[in-house]
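The values are calculated or read from the model by the stated rules, or taken from the named source; none is laboratory data. Everything quoted here is computed from the prediction, not taken from an experiment. Using ideal geometry, Cβ is built from the backbone for each residue, glycine included, and neighbour counts are taken over all protein chains shown.
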Amino acid sequence: MSEDHLEFHPAPKVPEFRPPVGAVDAHCHIFGPAAKFPFAPERKYTPVDAPKERLFALRDHLGFARNVIVQATCHGKDNAAMVDALLDAGPGRARGVAIVDMDVADAELEALHAAGVRGVRFNFLKRLVGNAPLERYARTAERIEALGWHVVVYFEAHELADLEPFLSKIPGVLVVDHMGRPDVAEGVGGPSFARVLAFMEGRPDAWIKVSCPERLTVAGPPYDDVVPFGRTLVERFPDRVLWGTDWPHPNMRSHMPDDGALVDVIPRIAPTAELQRKLLVDNPMRLYWPGETAEGGR
Ligand code: 0GY
């Protein structure tokens, strides 16, 4: 146990599902080590150190080729740990999503891009961030547009109605984290998931991560209650879905998932080889490595 939450699984199982060649874990984090990369003073939680070597070992153990490393709020706008991991992951093996503010210097944006950053993340979860004015996010979205980056948004489905007018003004690709965090207790036909689906239908350039059954579940592993949500998204939007482990699972208090067991959820939400290839290879390659072939990373 760290200061705030459970430690990541020390020895995940080898998954029974073998990901296709070139598979991308499109949502994971690097934390610290704090002695080298201190956490942000304004953070709402302090995670355990989850250094790059552990992420790369997990990638190989689970049978993945590449990572998209997403900046988390505990490191705030200091993207140094994430960038350090991007530069050390091996050629073409990692991309990043940064947290930057509207007044970020051009030179910093250019350095982030050179390191492999291709997106910026707006986090709207009140337990993770304060209430930043939406104009700041809008201005940040303008700043990153010229670089060809996209915006990743993290919200809970019950907040979507309030956020939609703002989101509609963000140009280009928008990636929704963790299935839009529907209320799984409502069931797959419930109102919060209906709103997420309507949002995806209404915005052809919105993508969604079918990640985090461990956060969304009420029933617990093996996440039977979350599977219909992921499967609905994969089958309805096969060309706009991404998958990620969310390792090292910050803020998990109920249980710590076995990352191998999370990989074994994939064939339950993407039941055919074609859907699996789109989810794990074709889609993330198109978004994060356009013009490159999947085989190059392995
Ligand atoms: C995640 C989810 C969480 C944390 C963060 O930026 C963050 O601190 O995203 C969460 O607590 O739900 O994607 O890691």
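Listed by position, the helices (runs of 4 or more DSSP H) enclosed by the stretch 215-288 that each have at least 1 residues that are in contact (Cβ under 8 Å) with a residue 60 or more places away in the chain are 259-263, 266-269, 273-277, 283-288.
For (1) assigned to a loop (DSSP other than H, G, I, E, B); (2) within 16 Å of the ligand (Cβ to nearest atom); (3) not aromatic (Phe, Trp, Tyr), each residue gets a yes or a no:
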{"position": "Phe122", "(1), (2), (3)": "no, yes, no"}
{"position": "Leu125", "(1), (2), (3)": "yes, yes, yes"}
{"position": "Ala141", "(1), (2), (3)": "no, no, yes"}
{"position": "Glu159", "(1), (2), (3)": "no, yes, yes"}
{"position": "Phe166", "(1), (2), (3)": "no, no, no"}
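Quick grid of which residues meet (1) among the polar types (S, T, N, Q); (2) modelled with pLDDT of 95 or more; (3) within 11 Å of the ligand (Cβ to nearest atom):
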| position | (1), (2), (3) |
| --- | --- |
| His29 | no, yes, yes |
| Asp49 | no, yes, no |
| Arg54 | no, yes, no |
| Thr73 | yes, yes, yes |
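If you go through the stretch 201-214 and keep only what is away from the ligand (no atom under 13 Å from the Cβ) and either in a loop (DSSP other than H, G, I, E, B) or over 17 Å from the mean Cα position of the chain (by Cα) (or both), you end up with Glu201, Gly202, Arg203, Pro204, Asp205, Val210. Checking each residue of the stretch 145-156 against the condition of being away from the ligand (no atom under 16 Å from the Cβ), more than 15 Å from Ile69 (Cα to Cα), modelled with pLDDT under 95 and assigned to a helix (DSSP H, G or I) gives at least one match.
Considering only residues that are out of contact with any helix residue (DSSP H, G or I) (no Cβ under 7 Å at 6 or more places or on another chain), within 16 Å of the ligand (Cβ to nearest atom) and either hydroxyl-bearing (Ser, Thr, Tyr) or part of a loop (DSSP other than H, G, I, E, B) (or both), which ones fall in the stretch 61-71?
Filtering the stretch 61-71 for residues out of contact with any helix residue (DSSP H, G or I) (no Cβ under 7 Å at 6 or more places or on another chain) gives 61, 63-64, 70.
Checking the rest, the ones that are also within 16 Å of the ligand (Cβ to nearest atom) come to 70.
Once the filter is applied, which keeps residues that are out of contact with any helix residue (DSSP H, G or I) (no Cβ under 7 Å at 6 or more places or on another chain), within 16 Å of the ligand (Cβ to nearest atom) and either hydroxyl-bearing (Ser, Thr, Tyr) or part of a loop (DSSP other than H, G, I, E, B) (or both), the stretch 61-71 yields nothing.
Residues that are surrounded by fewer than 16 Cβ atoms within 10 Å (Cβ to Cβ) and of a type in the set (D, E, K, R) were ranked within the stretch 118-132; the one that is farthest from Asn251 (Cα to Cα) is Lys126.
A single member of Leu58, Leu86 is part of a helix (DSSP H, G or I), under 24 Å from Ala35 (Cα atoms), touching a residue at least 12 places away in the same chain (Cβ under 8 Å) and away from the ligand (no atom under 16 Å from the Cβ), and it is Leu86. Return a yes/no flag: does the stretch 218-233 have any residue that is surrounded by fewer than 16 Cβ atoms within 10 Å (Cβ to Cβ), of a type in the set (D, E, K, R) and either closer than 30 Å to Pro47 by Cα or in contact with a helix residue (DSSP H, G or I) (Cβ under 9 Å, 6 or more places away or on another chain) (or both). The answer is yes; a qualifying residue exists.
With the requirement that a residue be within 13 Å of the ligand (Cβ to nearest atom), out of contact with any Pro (no Cβ under 6 Å at 6 or more places or on another chain) and in contact (Cβ under 8 Å) with a residue 40 or more places away in the chain, what does the stretch 31-41 give you? Explain how you work it out, then say what you get.
So the first thing to find is which residues in the stretch 31-41 are within 13 Å of the ligand (Cβ to nearest atom), and the list is 31, 39-40.
From what's left, out of contact with any Pro (no Cβ under 6 Å at 6 or more places or on another chain): 39-40.
The answer is none; no residue qualifies.
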